[in-house]
Amino acid sequence: MTGKYVVNGYCEPRFAKVKDVFLKNLESGADVGASFAVTMDGKFVIDIWGGFADAEKTQPWVKDTIVTTYSTTKTMTTMCALMLVDRGLLDLDLPVAKYWPEFAQAGKETLPVRYLFSHQSGLAGWEEPISVETFYDWEKTTSLLAKQQPWWEPGTRSGYHAVSFGFLLGEVVRRISGKSLGTFFREEIAKPLGADFHIGLPEEFDSRVGFLIPPPPPPKPVNPPANRTFTGRASIPYKVFSNPVVTAHYLHERAWRAAEIPASNGHGNARSVARVNSVLACWGELAGKRFLSRPTIEKMIEEQCYGPDLVLFMPIRWGLGFALTSKEIPMGPNPNSFWWGGYGGSRVMVDLDARICCAYVMNVIHEGLVGDVRSTGLIKAVYDSL
C-alpha cells in the first residue's frame with residue numbers, strides 16, 4: 001500500500017517524524033481519512049491531512065473537509081461558558097437555578113454551576129425515554145433535565161454527561177446571553193478566529209462533510225460475563241448510552257447536522273479544533289483579541305474531582321470541562337496539560353507550559369469513548385521532535 005496515500009498540508013521540517021506517523025496510520029488502515037494540527041504560541045507548525053472522506057475511497061480528504069467530532073465539541077461549549085465566567089456574568093459557586101429558575105426542581109435548588117462543568121451534577125442522561133429527534137427540540141430536551149432528579153448525590157462523584165453536558169451548559173449560556181450556544185460560539189469565538197467549526201451546521205456546508213465509518217459490530221460472547229454493571233438496564237452507563245442510541249445513519253441526516261447538540265454534533269477538522277483551543281494554550285489571547293483572562297484559565301485547570309468515573313469507569317481527573325493530565329492518563333510531559341476527545345478517536349490536547357495545542361480529527365471510528373492510539377502516537381511524535 002506504500003505510495004497510495006499522500007500527506008498534504010504544512011509541516012515544519014523538525015516535525016517530519018509526526019508526518020511519518022500520520023502516513024503510517026493511513027497506510028496501515030487505522031485511518032481512511034484524517035487531519036492533524038499543532039500550534040505553538042498560537043501559530044501552526046503542523047497542519048496536515050490525507051486519505052479519503054468516504055469508506056469507498058472515492059472522495060479525497062481535502063483541506064476543508066469537516067466531520068462530526070462527537071465529544072470534542074464539548075471543548076467549544078466549555079469555552080463559551082467560561083467566557084461568561086470571565087465577564088463576571090456566571091459565578092461557578094452560585095446555584096444553576098439563579099440563571100435557570102426552572103432548574104430548581106427535584107432537590108437541585110442549590111446545585112452549583114461548577115458541577116455542570118465537571119460532570120458531577122448527577123444529570124448524566126435522561127430518565128424519561130427519548131429519541132434522537134428529541135435532541136432537535138431544545139426546549140423539550142432542557143426542560144426534561146430541569147425537572148429531573150439527579151441519579152447520585154451531586155458533588156460526590158463524576159459521571160460522564162455524554163450528551164446532557166451540552167444542553168445543561170448551553171441553557172445556562174442561553175439564559176445569560178440571550179443567544180443559543182451555537183450562535184454564541186459562532187459570533188464570539190469562531191468568527192473572530194476564522195475557525196471552520198460549527199455547532200449547528202448550515203446546509204451550504206453539507207458538500208464538505210466527510211462520512212464517519214463505524215466499526216464492525218463486536219462478536220457476541222459465547223459465555224456472557226457475570227458482571228452486568230454496564231449492560232444492566234438500571235445502571236447509569238446503560239441509561240446514558242441507550243437513551244437514545246445514536247446510530248451512524250443519524251449523523252448524516254440534515255436534521256442532525258442542523259441541530260445544536262453542544263456536547264456531540266460539532267463539525268470541524270483538526271485545523272479548526274486547534275485554532276479554537278489555541279486560545280487556551282496562549283492563556284486566553286489570540287489573534288489580537290483576549291477571549292479569557294489568565295485567572296479564569298487558572299480556575300479551569302483546578303482539580304474538581306478525581307476518581308473512577310461512574311459512566312466511563314476509568315479514573316478521570318476533572319478540571320472545568322477538560323480532563324487534566326494524570327498518572328492514569330498522562331498528556332505530555334508537562335503538569336499544566338489538559339485534554340478531551342470524542343467517541344471514535346478525535347482529540348484535542350493543550351499544554352500551557354509549552355503553549356502547545358494538538359488536535360486530531362478523523363473519519364474511522366475506533367471502539368472507545370475518548371481518544372485512542374492514533375492520536376496518542378501523533379502527540380508523542382510531536383514531543384519527541386521538540
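The values are calculated or read from the model by the stated rules, or taken from the named source; none is laboratory data. A quick note: this is a predicted structure, and the numbers were derived from the prediction, not measured. Positions of Cβ are generated from backbone atoms using ideal geometry, with glycine treated the same way; all protein chains shown enter the neighbour counts.
Values for this structure:
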item	result
Test: residue in region 76-84 that is touching a strand residue (DSSP E or B) at 6+ places or on another chain (Cβ under 6 Å) and either over 18 Å from Arg275 (Cα atoms) or of a type outside the set (Gly, Ala, Ser) (or both)	no
Members of region 116-138 found to be without any contact (Cβ under 8 Å) to a residue 60 or more places away in the chain and either within 18 Å of Ser242 (Cα to Cα) or in a loop (DSSP other than H, G, I, E, B) (or both), listed by number	Ser121, Gly122, Leu123, Glu128, Asp137
Of residues in region 299-316 being within 16 Å of the chain's Cα centre (by Cα) and of a type outside the set (Val, Ile, Thr), the one nearest to Cys282 (Cα to Cα)	Met300
Verdict on Val67 being surrounded by 14 or more Cβ atoms within 10 Å (Cβ to Cβ) and within 30 Å of Thr247 (Cα to Cα)	yes
Complete set of residues in region 342-363 that are of a type outside the set (D, E, K, R), closer than 23 Å to Glu285 by Cα and surrounded by 24 or more Cβ atoms within 10 Å (Cβ to Cβ)	Val348, Met349, Val350, Ile356, Cys357, Cys358, Ala359, Tyr360
Only listed residue being in contact with a helix residue (DSSP H, G or I) (Cβ under 7 Å, 6 or more places away or on another chain), over 21 Å from Ala258 (Cβ atoms) and buried (at least 20 other Cβ atoms within 10 Å of the Cβ), chosen from Leu111, Leu169, Leu193, Leu181	Leu111
The listed residue being farther than 25 Å from Arg254 by Cβ, hydrophobic (A, V, I, L, M, F, W, C) and part of a helix (DSSP H, G or I), out of Val45, Val21, Val38	Val21
Selected residue (only one of Thr156, Thr141 is farther than 13 Å from Ala81 by Cβ, among the β-branched types (Val, Ile, Thr), touching a residue at least 12 places away in the same chain (Cβ under 8 Å) and in a loop (DSSP other than H, G, I, E, B))	Thr156
Hits in region 47-58 - residues which are in contact (Cβ under 8 Å) with a residue 12 or more places away in the chain and either of a type in the set (Ser, Thr, Tyr) or in contact with a strand residue (DSSP E or B) (Cβ under 6 Å, 6 or more places away or on another chain) (or both)	Asp47, Ile48, Trp49, Gly50, Gly51, Phe52, Ala53, Ala55
Selection status of Leu181, at pLDDT 95 or above and in contact with a strand residue (DSSP E or B) (Cβ under 7 Å, 6 or more places away or on another chain)	no
Subset tally (residues that are acidic (Asp, Glu) and either modelled with pLDDT under 95 or assigned to a strand (DSSP E or B) (or both)) for region 57-86	0
Residue within region 292-306 that is out of contact with any helix residue (DSSP H, G or I) (no Cβ under 9 Å at 6 or more places or on another chain), surrounded by fewer than 16 Cβ atoms within 10 Å (Cβ to Cβ) and in contact (Cβ under 8 Å) with a residue 24 or more places away in the chain present	no
Checklist (1) closer than 24 Å to Gln304 by Cα; (2) of a type in the set (Gly, Ala, Ser); (3) surrounded by fewer than 24 Cβ atoms within 10 Å (Cβ to Cβ) applied to Ser158, failing item	(3)
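One line per residue, one yes/no per condition, for (1) more than 26 Å from Val32 (Cα to Cα); (2) basic (Lys, Arg); (3) at pLDDT below 95:
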residue	(1), (2), (3)
Pro330	yes, no, yes
Phe338	yes, no, no
Gly344	no, no, yes
Ile356	yes, no, no
Gly368	no, no, yes
